[in-house]
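Only one structure is covered here, and it is reproduced in the block below.
The values are calculated or read from the model by the stated rules, or taken from the named source; none is laboratory data. All values derive from a computational prediction rather than experimental measurement. Using ideal geometry, Cβ is built from the backbone for each residue, glycine included, and neighbour counts are taken over all protein chains shown.
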Amino acid sequence: MSDLVTVGGLPLHPLVVHLVVVIVPLTVAGAVMMAVWPRLSRRFGPLVAIGAVLGLVSVIVARQAGEQLAPVTGVSADHMSWGTRAPWWIGAFCIVVIVFWLVDRGIPANRSRPLWVHVFAGVMVLLGIMALIQVIGAGHSGSEAVWGFLNQ
């Protein structure tokens, strides 16, 4: 275990994973609210965009730390599969959130959003749902691997 990156003697992976499971759902909720309420998008869009970037960075760190931890503890193929896909979905969601915010903030407050912006908002929400599914799948399979023995 000496090759592992640790914080206070604990492996980095379980610590960073907790950031992922908090920040990604909050960011998805913020993105849904941005899609529905233009005023909220203009006011809190930067915060949601920062959350998306933080979610992406944290999931990448969690994956790297998980790959480092896997040979020491063993990992299920299911968890590895979810963990491999999660950064891609969260990355796509992150890009779309940032682009949506940049586009939406350029629309004057006294004008409604064009149809294509509504469609783009729908794409953002769908990518957020996919990112959330990845986080839930990875988290569930990881917790089953660690705590599944309690159900036996």
query: Could we say that Val61 is farther than 22 Å from Val32 by Cβ, crowded, with 18+ Cβ neighbours inside 10 Å and touching a Leu at 6+ places or on another chain (Cβ under 9 Å) here?
result: yes
task: Within segment 100-144, count every residue that is of a type in the set (A, V, I, L, M, F, W, C) and either more than 21 Å from the chain's Cα centre (by Cα) or farther than 30 Å from Leu69 by Cα (or both).
output: 16
- request: For Arg111, indicate whether it is modelled with pLDDT under 90 and of a type in the set (D, E, K, R).
  value: yes
message: Give me the residue from segment 1-51 that is over 27 Å from Gly83 (Cβ atoms) and crowded, with 21+ Cβ neighbours inside 10 Å and, out of that set, modelled with the lowest pLDDT.
response: Ser41
query: Is it the case that segment 70-90 has a residue that's modelled with pLDDT of 90 or more and either farther than 17 Å from Ile136 by Cβ or not in a helix (DSSP H, G or I) (or both)?
result: no
